[in-house]
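Structure, as structure tokens:
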Number of protein chains: 2
Amino acid sequence: MEKPQRSPRERMVYEAAQAMREDGVGGAALRTVATRAAAPRGSLQHYFPGGKDQLVTEALEWSGEFAAAQVRAYLRDTRRPSPSGMFNDLVRQWAAELEDRQFARGCPVAASVVDTANANPQVRAAAAAALATWQKPLRSGLRTMGVRPARAAALATLMLAALEGSLVLARAERDTHALRVVSRELAPLLDAALP
Amino acid sequence: MEKPQRSPRERMVYEAAQAMREDGVGGAALRTVATRAAAPRGSLQHYFPGGKDQLVTEALEWSGEFAAAQVRAYLRDTRRPSPSGMFNDLVRQWAAELEDRQFARGCPVAASVVDTANANPQVRAAAAAALATWQKPLRSGLRTMGVRPARAAALATLMLAALEGSLVLARAERDTHALRVVSRELAPLLDAALP
């Protein structure tokens, strides 16, 4: 995830997402977010009167949109998109990111679910919304390739589940092996859904 | 995961795992763990001189062994074990647990990775060890069924990744749909590895 040139408010949302990716929602300290965003003191309260929940919720919205945009970029820029190509593009970008940053940053959605699904319905709902945002272009991409609707929905779910899980394995193992295995194993299954 | 009848020390390890499953490692308060384990004051320091890291590490060891025992029970008790049957048994137990507890408790290994992979090498290594413990009976079960070794290792990785990821989706969505989809989609792929 490249650091965008944005307003202080947008920088705070971006840095909140990055902090969640590193240390979970509990570990994402507001002070660190403000410092990294080079935001003036008091601006967190100013921009996010709903406090940390609001910031985390917006960070999840941002993350869902960012992930969806990556999928749309694949669909737009690829001459012959395929189900396995679309999944592998996701896996490849995540593997590169993990290696570039020594496995420091995982998925902010997974982080928020693990830390808040039990006790924070607002953040939990934002995580579900981010996953839905991410799944949308996967599903519509598959449909455009000719996969029938019900199967496209199922395969989009499978892709996200396999990706989220292999990120957990890869960060635990400090090795992108699991991502590569999952991408290779799922490729024939995904492409077999084509008409 | 049933509550076992055990020593105070074992109860603390068990309750630490449950607290991590609910609120992540950051949210798992030592005070809560001690209270739930009905452990006398001071016993945390007594049994776990290495503090929270030691408790979390032992909770991950316990979790890996618990998960591996579930797989071994399937292999022992099933007349005709199959790759899809083994995976579906895992998925079924997790789905039942999620529904019984209103999605309050996820996987403690995923929780520890999300919260500590960046900043706590000891806990991160314990998470990797727990995943290895869990994968072992999956891999050896597949080999006993006739799957060749390299493929058995790959499919065990795929199973854990798909399970971990679909738990994230299910808790976000408060719905076991993702677990059912993943189990159904992977079944033919898993069984096609049989000789």
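Read the figures in this text as sums done on the coordinates, not as results from a lab. Values in this document were obtained by computation on a predicted structure and should not be read as measured data. Cβ coordinates were reconstructed from backbone atoms using ideal geometry, including for glycine residues, and neighbour counts include every protein chain displayed.
In region B:136-154, is there at least one residue being over 14 Å from residue A:186 (Cα atoms), surrounded by 16 or more Cβ atoms within 10 Å (Cβ to Cβ) and facing chain A (nearest Cβ under 7 Å)?
no
Kindly indicate whether residue A:15 is in contact with a Lys or Arg (Cβ under 7 Å, 6 or more places away or on another chain), in a helix (DSSP H, G or I) and surrounded by fewer than 23 Cβ atoms within 10 Å (Cβ to Cβ).
yes
Mind checking which residues of region B:115-126 are more than 7 Å from every other protein chain (Cβ to nearest Cβ) and within 14 Å of residue B:58 (Cα to Cα)?
Scanning region B:115-126 gives B:122, B:123, B:125, B:126.
Out of the residues in region A:78-110 that are buried (at least 16 other Cβ atoms within 10 Å of the Cβ) and among the aliphatic types (A, V, I, L, M), state the one that is farthest from residue A:190 (Cα to Cα).
By that ranking, first place goes to A:104.
Does residue A:129 qualify as being within 10 Å of chain B (Cβ to nearest Cβ), surrounded by fewer than 21 Cβ atoms within 10 Å (Cβ to Cβ) and touching a Pro at 6+ places or on another chain (Cβ under 8 Å)?
Considered against the rule, which asks whether it is within 10 Å of chain B (Cβ to nearest Cβ), surrounded by fewer than 21 Cβ atoms within 10 Å (Cβ to Cβ) and touching a Pro at 6+ places or on another chain (Cβ under 8 Å), residue A:129 comes out as no.
Can we say residue B:88 is in contact (Cβ under 8 Å) with a residue 12 or more places away in the chain and within 12 Å of another protein chain (Cβ to nearest Cβ)?
So residue B:88 fails the test.
Step by step: first the residues of region A:161-181, then only those that are in contact (Cβ under 8 Å) with a residue 60 or more places away in the chain and more than 7 Å from chain B (Cβ to nearest Cβ), then the one that is surrounded by the fewest Cβ atoms within 10 Å (Cβ to Cβ). Which residue is that?
My answer is A:174.
Based on this model, can you work out whether residue A:184 counts as of a type in the set (Lys, Arg) and touching a residue at least 24 places away in the same chain (Cβ under 8 Å)?
no
Does residue B:51 meet the test of being farther than 26 Å from residue A:120 by Cβ and free of Cβ contacts under 8 Å to residues at least 24 places away in the same chain?
Against the criterion (farther than 26 Å from residue A:120 by Cβ and free of Cβ contacts under 8 Å to residues at least 24 places away in the same chain), residue B:51 qualifies.
Among the residues of region A:91-114, write down those that are facing chain B (nearest Cβ under 10 Å), free of Cβ contacts under 8 Å to residues at least 40 places away in the same chain and within 22 Å of residue A:158 (Cα to Cα).
Residue satisfying the conditions is A:113 alone.
Among the numbered conditions (1) more than 14 Å from the chain's Cα centre (by Cα); (2) more than 7 Å from chain A (Cβ to nearest Cβ), tell me where residue B:158 comes up short.
Among (1) more than 14 Å from the chain's Cα centre (by Cα); (2) more than 7 Å from chain A (Cβ to nearest Cβ), the lone unmet condition for residue B:158 is (2).
Report yes if residue A:63 is surrounded by fewer than 17 Cβ atoms within 10 Å (Cβ to Cβ) and either in contact with a helix residue (DSSP H, G or I) (Cβ under 9 Å, 6 or more places away or on another chain) or closer than 23 Å to residue A:102 by Cα (or both), otherwise no.
When the stated conditions are applied, residue A:63 does not pass them.
Please go through region B:182-195 and pick out each residue that is more than 7 Å from chain A (Cβ to nearest Cβ) and of a type in the set (A, V, I, L, M).
B:186, B:187, B:190, B:192, B:193, B:194
Taking the conditions exactly as written (surrounded by fewer than 19 Cβ atoms within 10 Å (Cβ to Cβ) and farther than 21 Å from residue A:26 by Cα), does residue B:41 satisfy them or not?
On the way: surrounded by fewer than 19 Cβ atoms within 10 Å (Cβ to Cβ): yes; farther than 21 Å from residue A:26 by Cα: yes.
Spelling it out, residue B:41 is indeed surrounded by fewer than 19 Cβ atoms within 10 Å (Cβ to Cβ) and farther than 21 Å from residue A:26 by Cα.
Restricting the search to region B:137-160, which residues are free of Cβ contacts under 8 Å to residues at least 60 places away in the same chain and farther than 24 Å from residue A:176 by Cβ?
Once the filter is applied, which keeps residues that are free of Cβ contacts under 8 Å to residues at least 60 places away in the same chain and farther than 24 Å from residue A:176 by Cβ, region B:137-160 yields B:140, B:143, B:146.
(1) in contact (Cβ under 8 Å) with a residue 24 or more places away in the chain; (2) within 14 Å of chain B (Cβ to nearest Cβ); (3) farther than 14 Å from residue A:104 by Cα: which one isn't true of residue A:32, the others all being true?
For residue A:32, the failing item is (1).
Among (1) outside any helix (DSSP H, G or I); (2) within 20 Å of the chain's Cα centre (by Cα); (3) away from chain A (no Cβ under 14 Å), where does residue B:49 come up short?
(2)
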